[in-house]
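Q: Mind having a look at this structure? Questions to follow.
The values are calculated or read from the model by the stated rules, or taken from the named source; none is laboratory data. If you're wondering where the values come from, they're calculated on a predicted model, not measured in any experiment. FYI the Cβ positions are ideal-geometry reconstructions off the backbone, even for glycines, and counts take in every protein chain you see. Side chains included, ligands, DNA and RNA excluded: accessible areas come from the protein's heavy atoms. Shrake-Rupley method; radii C 1.70, N 1.55, O 1.52, S 1.80 Å.
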Amino acid sequence: MDLTTSPEQDEIISSSAAFLRDRLPITRIRALFDEPSNVDDAAWSGAAELGWFVLGLPEALGGVGFGLADEVHLFREIGRGLATGPFLSSVLGARVAAFAGDAALAEAIGGGQRVGIVIPGSSTLIGADGSLTGPLQLLDCEPDGLALAVAPDQAVLVRVADLTGVAAVPCIDPGVRLRRAEAAGAVPVARVTADVDPIQRRGHVLAAAMLVGINEAVRDLSAEHAKNRFQFDKPIGVNQAIKHPCADMAVRAQLGYAQSIFAAVATDEGRDDADYHAISAHLTAAEYADISAAATVQIMGGMGFTFEHDAHLYCKRAFVLGQLFGGASSQLGRLLDLPSAR
Amino acid sequence: MDLAFSSEDNDFRDEVRTWMNENAPRDRRPRELVAMREFDLAWQRRQYDAGWAGIGWPEQFGGRELPLTQQLIWYEEYARTSLPPIDARFVGLAHAGPTLMVRATAEHQAFHLPKILRGEVVWCQGFSEPEAGSDLASLKTRAVVDGDHLVVTGQKIWTSFGPVADYQELLVRTDFDVPKHKGITWVICDMKSPGIEARPIKTIEGGQEFAEVFYDEVRIPMSNVVGGVNNGWSVAMSTLSFERGTAFTVSQVQLSTSVERLIEMAKSRTSINGRPVIDDEALAKKLARARADVAALRSLTYLNISRNARTDQPGPEGSMLKLQDADLTKRVYKLALEVLGTRSLANPEEEDDSYWVDRHLLSYSSSIGGGTSEIQRNIIAERVLGLPR
Ligand SMILES: Cc1cc2nc3c(=O)[nH]c(=O)nc-3n(C[C@H](O)[C@H](O)[C@H](O)COP(=O)(O)OP(=O)(O)OC[C@H]3O[C@@H](n4cnc5c(N)ncnc54)[C@H](O)[C@@H]3O)c2cc1C
């Protein structure tokens, strides 16, 4: 039993953090805000060249062959940097293609073809044959591209062109692009069941990792402000009404990180309680990031209420990531139905 | 990164589990204090006789000096077998004992440490005073040097197991004229010395182990001073990191066992509206959240133990575990009362459900004893995040 990072993981952390800082800084969100696409093509190709989209795919399927615990460290940096673009769904999409036997598609996604994700509505259905039906929303999907739809028991890739009524709608998070659409039995181009590869479980863990990065980012933002903002001739951080929420952010960040790596390793090791831990990771990281980001807005004062400051971007991304894979309400229900953890 | 234990560790777990199952005390732990003391010490002796005393203690002092992962396994199995709480044995095994190991003379070590391991004595901690709680260094219990004795006069409070303790790690003020941290002395106090009176204080759940202790010109040999006169503050702080991340393992496993039992109860019991308790959606969601939060706390323990296994200098992360353990303990046992519904009104002494009521009442102490949660938050903010004092 050892949950400390390996030298390879330390390398993933430092190189991905450096790449994101140079190529996809948070300022890109505002720079691209009025553009139809939130993707920076050059940075996306750069990420593909670094192997980000197939990092956790087995070598036999054309991937780099790392584990989910390694991918967690990449996604934690993506979350921390609020990087724009469908990183999570593209990584999962490459897996769906690869495990469905479509090596060419997996390679294309690994090389930079993007995959967005379906946010199911209350009556969205993925049938036993993988066909998609019902009204739904699309996150970071391109009109001529692919969308990933995930349920606990299976995951499919569909063509956005096979959906109807695709229309852009404004999204709460200026860093993502939302569309509304309708599916009428859209036939998947690739399909994988959870017993072959548990896409939703991996999705929970990687969403959790991004939320951990957000939690850590707002913790650091708040702590810096608490030290440097003076009122009444003292740094505001001497006041426990500021100090204690910062301490709680530090605790939540550690808890969220610990649970996401625990869940990732449980998945890598094929433990029978991996779903339990993956759902727990997503639930806790989402709740913790949400509380911490909201507290950060408060600690920033008036500045926190502006579009110009980053605080709201963390709140909004945390909210979006919390909605993935069923959202809290359905995840709580699933967690309660599972047998207890080991 | 891996979660799998080595085959050696798995064998160890089997061995521990077998031993615990065969040796768990059959009788219920008495509530009456003297009987409780005897019960706890008998249990310690049983562990000693089987070679299980002081699993984290250095071999040099008669301990097992198990690697951290095996200590983790020991505590996990200990909690799963519902073995007696460390309570009366805590100060000796986890605070005063480890302090003696690093700061006392060889004679004191040779005299006291084996008695602690063998379950012959109960130690208590005389730190807090009526006017010195969180601000411990402001303590005022006075000790004057008189020849080869210290003469102690004053009062301590919240002394757990004070009325039945043999020895006490006692903090006294030996110098009133220097900054407060610099005039404190750590001394071994024989609780049978003339001039000591321990008065019981009844606790929130009716327990008897609390006491206030009065000292009226109590004469303590100078040779009982550990670490030198006026060096007591550093002596008292020297064992803060002794547990290296394992301190809350038992509590966490109990939390997770409790949450599972509460889920079972919520499924099998009927609420006042005639439906299974679990049908209350708000309650069901709280139970599910408790599952997730308990899982995260356990993961943090594993992470801390992994990190501490690689360093001799554990950081302030221990405060994070303590803080979260306290918050979650209070939340889970409050939830227990929600699952019990109106049954939680019954007098704790009469009903079988009393276990949960007791746990709930006891949970209030988790954010007070051993340094309050507010103080933990100060520590985390100042030492982890570097916020100003
Ligand atoms: C179950 C239990 C067992 C104990 N056993 C022992 C024992 O064996 N030996 C022993 O010596 N002591 C023992 N204690 C005492 C314990 O260490 C103290 O109760 C604790 O340190 C708090 O001190 P206090 O009670 O004086 O509260 P105070 O320090 O007066 O605190 C009162 C309130 O004010 C808050 N507060 C105080 N200072 C600050 C600050 N700077 N910032 C923010 N908030 C602050 C506290 O958090 C608390 O909420 C025990 C306590 C409990 C509950």
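Q: Just to verify a result, which residue in segment B:130-160, among those that are away from the ligand (no atom under 11 Å from the Cβ) and of a type in the set (A, V, I, L, M, F, W, C), is nearest to the other protein chains (Cβ to nearest Cβ)?
A: Out of the qualifying residues, it is B:ALA137.
Q: Related question: Looking at (1) at pLDDT below 95; (2) open to solvent by 30 Å² or more (accessible area, probe 1.4 Å), which is the one condition that is false for B:THR246?
A: (2)
Residues are listed down the side, and each one gets a yes or a no for (1) of a type outside the set (Lys, Arg); (2) under 22 Å from the mean Cα position of the chain (by Cα); (3) over 20 Å from A:GLN254 (Cα atoms):
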| position | (1), (2), (3) |
| --- | --- |
| B:PRO316 | yes, yes, no |
| B:THR329 | yes, yes, no |
| B:SER365 | yes, yes, yes |
| B:ILE368 | yes, yes, yes |
| B:GLY386 | yes, no, no |
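Q: Sticking with this one: Considering every residue within segment A:7-17, establish whether at least one is buried (at least 21 other Cβ atoms within 10 Å of the Cβ) and away from chain B (no Cβ under 14 Å).
A: Checked segment A:7-17: at least one residue is buried (at least 21 other Cβ atoms within 10 Å of the Cβ) and away from chain B (no Cβ under 14 Å).
Q: As an exercise: evaluate B:VAL332 against (1) open to solvent by 20 Å² or more (accessible area, probe 1.4 Å); (2) away from every other protein chain (no Cβ under 14 Å) and give the number of the one condition it does not meet.
A: Here B:VAL332 clears every test but (1).
Q: Looking at (1) closer than 30 Å to A:ALA69 by Cα; (2) surrounded by fewer than 17 Cβ atoms within 10 Å (Cβ to Cβ), can you tell me which one B:MET1 breaks?
A: Only one criterion is unmet by B:MET1, namely (2).
Q: Tally time: how many residues in segment A:72-112 are over 21 Å from A:SER37 (Cα atoms), in contact with a Lys or Arg (Cβ under 9 Å, 6 or more places away or on another chain) and surrounded by fewer than 24 Cβ atoms within 10 Å (Cβ to Cβ)?
A: Qualifying residue count, segment A:72-112: 1.
Q: Let me ask something else about it. Given (1) closer than 22 Å to B:LYS286 by Cα; (2) open to solvent by 20 Å² or more (accessible area, probe 1.4 Å); (3) more than 13 Å from chain B (Cβ to nearest Cβ); (4) not polar (S, T, N, Q), where does A:CYS315 come up short, assuming only one miss?
A: Among (1) closer than 22 Å to B:LYS286 by Cα; (2) open to solvent by 20 Å² or more (accessible area, probe 1.4 Å); (3) more than 13 Å from chain B (Cβ to nearest Cβ); (4) not polar (S, T, N, Q), A:CYS315 violates only (1).
Q: Give, as residue ranges, the helices (runs of 4 or more DSSP H) completely inside segment B:38-134 that count at least 1 residues that are at pLDDT 95 or above and among the acidic types (Asp, Glu).
A: Answer list for segment B:38-134: B:68-80, B:106-118.
Q: In addition: Of everything in segment B:206-243, what is over 24 Å from the mean Cα position of the chain (by Cα) and assigned to a loop (DSSP other than H, G, I, E, B)? Give them in sequence order.
A: B:GLY228, B:VAL229, B:ASN230, B:ASN231
Q: Only residues in segment B:182-205 that are part of a helix (DSSP H, G or I) count as the first member; pair them with residues that are surrounded by 14 or more Cβ atoms within 10 Å (Cβ to Cβ), Cβ under 8 angstrom, at least 6 apart or cross-chain, and list the lot.
A: That search, which allows pairs on different chains as well, returns B:LYS182/B:ASP175; B:LYS182/B:ASN230; B:LYS182/B:TRP233; B:GLY183/B:ARG173; B:GLY183/B:THR174; B:GLY183/B:ASP175; B:GLY183/B:ASN230.
Q: I would also like to ask the following. Residue under question is A:GLN298, and the condition is that it be in a helix (DSSP H, G or I), surrounded by fewer than 20 Cβ atoms within 10 Å (Cβ to Cβ) and touching a residue at least 12 places away in the same chain (Cβ under 8 Å); does it hold?
A: yes
Q: Then there is this: Do we have B:ARG26 as outside any helix (DSSP H, G or I) and surrounded by fewer than 17 Cβ atoms within 10 Å (Cβ to Cβ) here?
A: Against the criterion (outside any helix (DSSP H, G or I) and surrounded by fewer than 17 Cβ atoms within 10 Å (Cβ to Cβ)), B:ARG26 qualifies.
Q: Can you tell me which residues in segment B:370-389 are open to solvent by 20 Å² or more (accessible area, probe 1.4 Å), away from the ligand (no atom under 11 Å from the Cβ), facing chain A (nearest Cβ under 9 Å) and in contact (Cβ under 8 Å) with a residue 40 or more places away in the chain?
A: B:VAL384
Q: Here's a follow-up. Select from segment B:345-369 the residues that are modelled with pLDDT of 90 or more and open to solvent by 80 Å² or more (accessible area, probe 1.4 Å) and write down the one among them that is nearest to the ligand (Cβ to nearest atom).
A: B:ILE368
Q: Moving on to the next point. Pairs only if they're at least six apart or on different chains, beta carbon under 6 angstrom, first in segment A:128-145 and assigned by TED's automatic domain parsing to the domain that holds A:ASP162, second among the acidic types (Asp, Glu); list them, first residue then second.
A: Here the result reads A:PRO135/A:GLU182, each pair linking segment A:128-145 to a residue that is among the acidic types (Asp, Glu).
Q: Given the conditions (1) open to solvent by 20 Å² or more (accessible area, probe 1.4 Å); (2) facing chain B (nearest Cβ under 7 Å); (3) within 17 Å of A:GLY304 (Cα to Cα), which single one is not true for A:CYS246?
A: Tallying (1) open to solvent by 20 Å² or more (accessible area, probe 1.4 Å); (2) facing chain B (nearest Cβ under 7 Å); (3) within 17 Å of A:GLY304 (Cα to Cα), A:CYS246 fails exactly one: (1).
Q: Please state which one of A:GLN323, A:GLN259, A:GLN331 is of a type outside the set (A, V, I, L, M, F, W, C), open to solvent by 10 Å² or more (accessible area, probe 1.4 Å) and either within 30 Å of B:ALA282 (Cβ to Cβ) or within 13 Å of another protein chain (Cβ to nearest Cβ) (or both).
A: Testing whether each residue is of a type outside the set (A, V, I, L, M, F, W, C), open to solvent by 10 Å² or more (accessible area, probe 1.4 Å) and either within 30 Å of B:ALA282 (Cβ to Cβ) or within 13 Å of another protein chain (Cβ to nearest Cβ) (or both) leaves just A:GLN323.
Q: Could you grab me the full set of residues in segment B:161-181 that are more than 12 Å from the ligand (Cβ to nearest atom), touching a residue at least 60 places away in the same chain (Cβ under 8 Å) and more than 18 Å from the chain's Cα centre (by Cα)?
A: Answer for segment B:161-181, where residues must be more than 12 Å from the ligand (Cβ to nearest atom), touching a residue at least 60 places away in the same chain (Cβ under 8 Å) and more than 18 Å from the chain's Cα centre (by Cα): just B:VAL172.
Q: Separate question: Could you say which residue among A:GLY46, A:GLY63, A:GLY112 is in a loop (DSSP other than H, G, I, E, B) and under 30 Å from A:LYS316 (Cβ atoms)?
A: Checking each option against the conditions leaves just A:GLY112.
Q: In segment B:121-130, is there at least one residue being in contact (Cβ under 8 Å) with a residue 12 or more places away in the chain, small (Gly, Ala, Ser) and open to solvent by 70 Å² or more (accessible area, probe 1.4 Å)?
A: For segment B:121-130, residues in contact (Cβ under 8 Å) with a residue 12 or more places away in the chain, small (Gly, Ala, Ser) and open to solvent by 70 Å² or more (accessible area, probe 1.4 Å): absent.
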